[in-house]
Amino acid sequence: MVDTKSSFRPPSLVGTTLEEHILLGMRGAPGATGDFASLLNALSLAVRIINARVRAAGLAGVFGYTGETNVHGEQVQKLDEYANEVLCTVIERSGRCAVIASEELAEARMCNPDGNYMVAFDPLDGSSNIDVNVSIGTIFSIFRAPEGVVSTTSLLRPGRELIAAGYAVYGSSTTIVLSTGQGVHEFTLDPSAGEFFLSRPNLRCPTRGKTYSINEGNFASWSKGIQRWSQFVKSEDKALGLPMGHRYVGSLVADAHRTLLKGGIFAYPADRKNAEGKLRLLYEAQPMAFLMEQAGGLATDGVRDILDIVPTDPHAKVPLILGSHDDVKVYKEFAAGSPT
Ligand code: AHG
Ligand code: MN
Ligand code: MN
């Protein structure tokens, strides 16, 4: 029989759900209408639907390509298209969103012109890893819609104006990492309950880490400064904690998640094949940069803070270097041609 008289409250048998966490956050937001919470819950639903399909990808006949190519000339994998359809449908039906932009939409798309928010997303990140059962994910970011007329160019804003960003990792477990500007929090899906529960609140990126994450296969086409940085992090220097270990999954969400949790640095610099870099500013770099800075880390294109850069179009590319404060600072010194 539980003793209901004492002030002691037994530890709850039920953790904080994502929805409760969002509503708790609203208590500090005077005039909150619940629209924001409703949009975040719509995104959580989309992630759960995508997750169900990812978990059965091999069986549900969604491996392989659709035969189409997207605006980047990349072959669209069935799961990319499916994830895009789910996110577009769920976000539009929420009624809270005025404009959406997606890696899989050639142009940004108007939804509800009276919607208070604008959402950019990478529906399925790490597509090259779908068929080999390596962690993939979904990335999203949320702007407040401007007063007055909203158009498809309204979301070409600097990441400093973001009000929320997050990503899902479909890995050994399915997690959502989210920030609404009050720190970074991780939620893990309990498949038996079909609900996300708070698993690690207030994530902080260590000020330096032990691993660097980069596609070394591009070494020959990096700038001299980046080649020197890559040799520096592999050199032997106990006092500087070198060499760093190398980890590279090839899914931004997986490499960024590990870097956020354990520290270190992830880099996708410009190279001869991708003179502007490979990753997209609006729906990959900006959300990851928002989260990194909220967790005490840094995110740069090698010179500028990612959050200060304004996209010229929904698919504008940018070099992306993110992670521990000290490790990113060292990278920037090499990128500027002044190695330590
Ligand atoms: P997407 O699958 O959304 O196109 O993103 C793939 C990106 C990113 O996830 C990853 O960091 C990078 O591509 C890997 O690129 P390389 O295979 O060239 O290393
Ligand atoms: Mn991606
Ligand atoms: Mn993608």
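The values are calculated or read from the model by the stated rules, or taken from the named source; none is laboratory data. Just so we're clear, the structure is a prediction, and the values are computed from it rather than from any experiment. Don't worry about glycine lacking a Cβ; one is built from the backbone with ideal geometry, like all the others, and counts go over all protein chains shown. In case anyone asks, the SASA skips ligands and DNA or RNA and just uses the protein heavy atoms, side chains included. Shrake-Rupley method; radii C 1.70, N 1.55, O 1.52, S 1.80 Å.
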Residue 88 is checked against (1) under 19 Å from residue 180 (Cβ atoms); (2) without any contact (Cβ under 8 Å) to a residue 40 or more places away in the chain and fails just one. What number does that condition carry?
(1)
Are there any pairs with C-beta distances below 7 angstrom linking a residue in segment 169-198 that is free of Cβ contacts under 8 Å to residues at least 12 places away in the same chain to a residue that is outside any loop (DSSP other than H, G, I, E, B) and open to solvent by 10 Å² or more (accessible area, probe 1.4 Å), with the two at least 6 apart or on different chains, and if so which?
190/197
Suppose the filter is open to solvent by 10 Å² or more (accessible area, probe 1.4 Å) and assigned to a loop (DSSP other than H, G, I, E, B); does residue 45 pass it?
no
What is the residue count in segment 260-313 for residues that are within 12 Å of the chain's Cα centre (by Cα) and not small (Gly, Ala, Ser)?
13
Consider segment 103-135. How many of its residues are in contact with a Leu (Cβ under 6 Å, 6 or more places away or on another chain), within 15 Å of ligand 1 (Cβ to nearest atom) and part of a strand (DSSP E or B)?
5
Breaking point among (1) more than 16 Å from ligand 2 (Cβ to nearest atom); (2) not charged (D, E, K, R); (3) not assigned by TED's automatic domain parsing to the domain that holds residue 73, for residue 266
(1)
So which of 273, 278 is among the charged types (D, E, K, R), at pLDDT 95 or above, outside any helix (DSSP H, G or I) and open to solvent by 10 Å² or more (accessible area, probe 1.4 Å)?
278
If residue 140 satisfies all but one of (1) within 16 Å of ligand 3 (Cβ to nearest atom); (2) of a type outside the set (S, T, N, Q); (3) open to solvent by 20 Å² or more (accessible area, probe 1.4 Å), what's the number of the condition it fails?
(3)
I'd like the full set of residues that are open to solvent by 70 Å² or more (accessible area, probe 1.4 Å) and in contact with a strand residue (DSSP E or B) (Cβ under 9 Å, 6 or more places away or on another chain), limited to segment 216-256.
234, 236, 246, 247, 248
Close pairs (6 angstrom Cβ cut-off, 6 or more residues apart or separate chains): assigned by TED's automatic domain parsing to the domain that holds residue 124 in segment 69-85, at pLDDT below 80 and not in a strand (DSSP E or B) anywhere
76/70; 78/62; 79/62
Which one is nearest to residue 56 (Cα to Cα), of the residues in segment 113-129 that are open to solvent by 10 Å² or more (accessible area, probe 1.4 Å) and more than 9 Å from ligand 2 (Cβ to nearest atom)?
129
Looking at residue 139 and the list (1) within 16 Å of ligand 2 (Cβ to nearest atom); (2) among the β-branched types (Val, Ile, Thr); (3) modelled with pLDDT under 90, which single condition is not satisfied?
(3)
Taking first residues from segment 263-275 that are within 13 Å of ligand 1 (Cβ to nearest atom) and second residues anywhere that are open to solvent by 30 Å² or more (accessible area, probe 1.4 Å) and not in a loop (DSSP other than H, G, I, E, B), the pairs with Cβ under 7 Å that are 6 or more apart or on different chains are 274/317
